[in-house]
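In what follows, a structure is listed as structure tokens, so that the remarks can point back to it.
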Amino acid sequence: MPSTLRPAALLLGCLVATTACSDPAPKPQQPPAASQPAAPSPQTPPLVPAAPAPAPAAPSPLALSVNAAAFDPAAVTPEAKQAYLVRAQVLLDRAHFSPGVIDGQEGGNLTLALSAFQEAHRLTVDGKLSPAVWDALAADAAPVLTDYVITAEDVAGPFTPDIPKDDYEAMAKLPALGYGTPLEGLAEKFHMDEPLLRALNPGVDFSRAGTTIIVAALGADGLPGKVARILIDNSKGTLRAFGDDDTLLAVYPATVGSTERPAPTGEWEVNTMAPRPTYTYDPSRLTFGKPKGKLTIQPGPNNPVGSTWIDLTKDTYGIHGTPDPKLVNKRASHGCVRLTNWDAAELGAAVRKGAKVVFEGRAAR
């Protein structure tokens, strides 16, 4: 059934629309009378037994070690070090100190998450995974990896392989900008990068429904309160979300502006939030890119603004997702605030219209 599009706002040259779809409920069928067994309908194909679900693959050595990993800065093997880094990243993610993509690697976003965690827990702030930080994280003793059965929805698509990056004219010709593969969709679903998901599940066919895989055990959905204030640090590349009583609710790594189009400074407000936004490139309002005419790019997680758009009262500026989560806080944006798709969605679901948005500091780029 065709979906119904409901325009919401014109944002950053973005026409935002939400999609709704409803299908009629199936009509109940009367069972055949007991004395007259029903003959099979000539139009009904014979039932084919469902293929048995594949047996779960044997856990990889990495998967076996992550849940039991202890902090050991002198880990003698790369696998041992990756195991405790994966555990630390999952625990930070569950505590809403986002490390960005969970990949089991050291990097700037992990340092930012550790620094924010240390500050919130009144520990020495140096961005390092120390024994004191590990003990505080380990207060959450739940396993950090769990089993997940790939669903039919996970593999149904539609998928959009080979999206032409930064070619807006080519992207505008596509009916949607979905994930390229089931693997990409599953990695984002569990805040992971694809190489780590493969390493935890060697030899697995991620396109087969019913397959059991090992994934990050994320926490409960959503933030523990509504967001009343957002603080964006242009120089560090972080976004902090605060509740009504100024309680810190979450810290996210963010790409904030660029040398050519720096992020603003000062105080603004949240205007509206839109999931599944379309993206309209308007050369009369935007100074980047090559197209000469106005273009509309359809929704999808690989849309230039990702899966979520949070509009600000600062004209043409917003907080949004990205098609390249591993590049958050590692490559300049066009002036807006770019988060991973999952962090943008979490923030968007909790932020109130009218929430204060404060930009402070100069962009580092």
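Among 205, 233, which is within 19 Å of residue 312 (Cβ to Cβ) and acidic (Asp, Glu)?
None of the other options fit; the residue is 233.
List the number of the failed condition for residue 179; all other conditions in (1) part of a helix (DSSP H, G or I); (2) touching a residue at least 40 places away in the same chain (Cβ under 8 Å); (3) crowded, with 18+ Cβ neighbours inside 10 Å hold.
Result: residue 179 passes all but (1).
Give me the pairs: first residue in segment 308-327 and without any contact (Cβ under 8 Å) to a residue 12 or more places away in the chain and under 16 Å from residue 253 (Cβ atoms), second residue charged (D, E, K, R) and crowded, with 23+ Cβ neighbours inside 10 Å, beta-carbon distance under 8 Å, and six or more apart or on different chains, which are they?
Hits for this filter: zero, empty list.
Considering only segment 184-243, state which residues are basic (Lys, Arg) and not in a strand (DSSP E or B).
189, 198, 208, 226, 236, listed by residue number.
Report yes if some residue within segment 81-98 is at pLDDT below 95 and outside any helix (DSSP H, G or I); otherwise report no.
So far as segment 81-98 goes, no, none of its residues is at pLDDT below 95 and outside any helix (DSSP H, G or I).
Within 28 Å of residue 75 (Cβ to Cβ) and charged (D, E, K, R): which single residue out of 135, 154, 162, 166 fits that description?
On inspection, the qualifying residue turns out to be 135.
Would you please list the contacts, defined by Cβ atoms under 9 Å and residues six or more apart or on different chains, that run from a residue in segment 201-214 that is closer than 12 Å to residue 155 by Cβ to a residue that is surrounded by fewer than 15 Cβ atoms within 10 Å (Cβ to Cβ) and among the hydroxyl-bearing types (Ser, Thr, Tyr)?
Cβ pairs passing all conditions: 209/151; 210/151.
The values are calculated or read from the model by the stated rules, or taken from the named source; none is laboratory data. The structure presented is a predicted model; accordingly, all values stated were derived computationally and were not measured. All Cβ positions, glycine included, derive from the backbone under ideal geometry; neighbour counts span all protein chains shown.
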